[in-house]
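**Student:** Quick one: the structure is below, and I'll ask about it shortly.
Where a number appears in this text, it was derived from the coordinates with a stated rule and is not lab data. Predicted model only: the values in this text are computed from it and were never measured. Please note: Cβ atoms are built from the backbone with ideal geometry, for glycine as well, and neighbour counts cover all protein chains shown.
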Amino acid sequence: MSFHSLDYLLFLPLVVVLYFFTPQRWRWVVLLVLSNLFYAAWRWDFLWLLWVSTLIDYVVGQALPRAQPGWRRKALLAASLCGNLGLLFTFKYFALVANTGLMLFHGGDSQAFEPISLLLPLGISFYTFQTLGYVIDVYRGRKEPERHLGYFAVYVMYFPQLLAGPIERPGTLLPQFRQHKVFEVGQAAAGGALMLVGYFKKLVIADRLADIVPPVLNQPLDHSPLLVLTAAVGEIYRYYADLSGYADIAIGSSLILGIQLTRNFDRPLASVSVAEFWRRWHITVSTWFRDYVYLPIARGGGRGRGRRDDKAVRRAVATLITIAIVALWHGAAWTWLAAGVIAGLVMIGEGIVRRSRAAVTFSHGVARTLGLPRGVEVALQDSLNRLVLWSFLILLGSMVATPSWQLAIQAWGRMVELPAWAIQDPGALLSGFGVMPHYLVIAIVGLEIFQWFDCRQSVFERLKSRGPVVAWGFYYALIAVILMFGTFDKPGFLYFNF
């Protein structure tokens, strides 16, 4: 069941009514049953995967506090890691590894064999890491195990965030299922408003870009350099609108029930560095990998000891490994891994420059020589950092959107031709964006303006303070825009492929 289907628009009110009319002690049953129905609407025969992950980590969580320190605790942790990551590898990465091996065996000829293909269970990348985080926290002694199997199962299977996050920590989500919730009109209105923004991102922007961008990047030599560049930027914005749109609908749906989910996107495209971009892009995934992958590697088994050079090397290695894994988590393809390695190297370079006294001294010296005020110097530094970031994002957009390395290289080559092409035919610049409908450009600009205001003060609160006529007028207009310009024939969200 997809968030933008009619089924979900009928399902959510049913959940709300049943949830609030059920006594508190049995509400977990309502959420568990309906979450299973929500997942079964896609494929009921994959429900066993959800329950296997749930039962493995519930049993391990119960056993860890009673196990003596040493090999028994490590064996329990290994059982959880092997069970969960084994399922994830089988369904998500086995085909990639197997097909790569077959291609090497056949001398690189992809036409010489039938590629292996496995159906990726929805949400497996998300609930796997959510349950693993729980077990690791219990193993480290940071979280007491959840004794009630029903509440733990709801924590794993809670329908708003089951398929594509946010990845919630047990300390923030589990206690909310036990709290007595009363239906609040204001909170429900805030949740509904957030859902509308999510639908606008998904249906009006992301799905319209899905009709425009891939045909350009699939045949880059047939289009102008400016159009190829625009398509690469459009692919990044498509991913942002689709993924953050899902998060908005998920968080809004849960807020109607009075259950708070973690904010997942914080205007990542306004970042001034690759490192900041990853911190603001799918925040719960980034923080998960920071806590459970980056920090253990960076610390190297110790806390604060060791030479400064050794620490710097460990941090660099941890950054490279973590970002590469994050990228491969986003997509089971070698292009994603390559993009992650590139991003990791850029982040390491950014860190070296940021911590370098020589670089800071050189920057200040150039600014003094040119007579630039401090504010202008900072603005120029931010502009340079954004240039590096967007160069990476354009590279990433063309890599993940093209079906082969050959087409990606063709797209890069076409974009490199942009300066010479513009000099040769300056008038073509005016028609270079002709493929982009005007309403789509207006929608993107409108979304950016909305987010700029919202990050300073909630737009919902702004509208609420101006009275119901202004507030409802805005939301009715937004609904009208979605119905008029949205596309409703796309099968699902991009994260369903992750």
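**Student:** Can you give the relative contact order of region 6-183 as a percent, counting alpha carbon pairs under 8 Å and 6+ residues apart?
**Tutor:** Relative contact order, region 6-183: 32 percent.
**Student:** Tell me, what is the FRET efficiency for Arg374 and Val182 to the nearest 0.05, using R0 = 60 angstrom and their Cβ-Cβ distance as r?
**Tutor:** My answer for the efficiency is 0.70.
**Student:** What FRET efficiency do you get for Asp425 and Asp7 if R0 is 60 Å and r is their Cβ-Cβ distance, rounded to the nearest 0.05?
**Tutor:** That pair, Asp425 with Asp7, gives E of 0.75.
**Student:** State to the nearest 20 debye the size of the charge dipole of the chain about its Cα centre, where the only charges are +1 on K and R beta carbons and -1 on D and E beta carbons.
**Tutor:** Dipole about the Cα centre, nearest 20: 2380 debye.
**Student:** OK, next. So if each residue of separation counts as 0.36 nm, and I subtract the Cα-Cα distance between Val272 and Ala480, what length gain in nm does that give?
**Tutor:** Difference between extended and current length: 71.4 nm.
**Student:** Under a point spin-label approximation (7 Å from Cα along Cα-to-Cβ), what is the Arg357-Trp334 distance to one decimal in nm?
**Tutor:** 4.5
**Student:** Report the full-extension gain for the segment Thr100 to Phe488: residue separation times 0.36 nm, less the Cα-Cα distance, to one decimal in nm.
**Tutor:** So the extension gain works out to 136.1 nm.
**Student:** Need the full-extension length gain, Phe113 to Phe450, defined as separation in residues times 0.36 nm minus the C-alpha distance. One decimal, nm.
**Tutor:** 116.3 nm
**Student:** For the chain, with the dipole built from +1 on Lys and Arg beta-carbon atoms and -1 on Asp and Glu ones, taken about the Cα centre, which of Val274, Leu96, Leu12 lies farthest toward the positive end?
**Tutor:** The listed residue farthest towards the positive side: Val274.
**Student:** Taking the structure as given and computing Kirkwood radius over Cα pairs in Å, which label from [x] 25.0; [y] 27.6; [z] 23.6 fits?
**Tutor:** [x]
**Student:** Calculate for the chain the 222 nm mean residue ellipticity that helices alone would give, adding -39,500 (n - 2.57) per DSSP H run of length 4 or more and normalising by residue count, nearest 500 deg cm²/dmol.
**Tutor:** -22500 deg cm²/dmol
**Student:** Considering lysine pairs in the chain that are 8 or more places apart or on different chains, how many have Cα atoms under 28 Å apart?
**Tutor:** 12
**Student:** Before anything else, pin down the relative contact order of the chain: Cα pairs under 8 Å, at least 6 apart, normalised by residue count, whole percent.
**Tutor:** After rounding, I find 18 percent.
**Student:** While we're here: Between His438 and Leu37, how high is the FRET efficiency from 1/(1 + (r/R0)^6) when r is the Cβ-Cβ distance and R₀ = 45 Å? Nearest 0.05.
**Tutor:** Once the sixth-power term is evaluated, E becomes 0.60.
**Student:** Between Val341 and Asn218, with labels modelled 7 Å along Cα→Cβ, what's the label distance in nm to one decimal, could you check?
**Tutor:** 2.8
**Student:** What is the sum of charges around Phe152, taking Lys and Arg as +1, Asp and Glu as -1, for the other residues whose C-beta is under 14 Å from the C-beta of Phe152?
**Tutor:** That sum, taken over residues with Cβ under 14 Å, equals -1.
**Student:** Under a plain spin-label model, where a point goes 7 Å from the Cα along Cα-to-Cβ, how far apart in nm are Leu418 and Leu18?
**Tutor:** 5.1
**Student:** Another question, then. Report the net charge of residues surrounding Ser271, where surrounding means a beta-carbon distance below 12 angstrom and charges are Lys +1, Arg +1, Asp -1, Glu -1.
**Tutor:** So the environment of Ser271 carries a net charge of 0.
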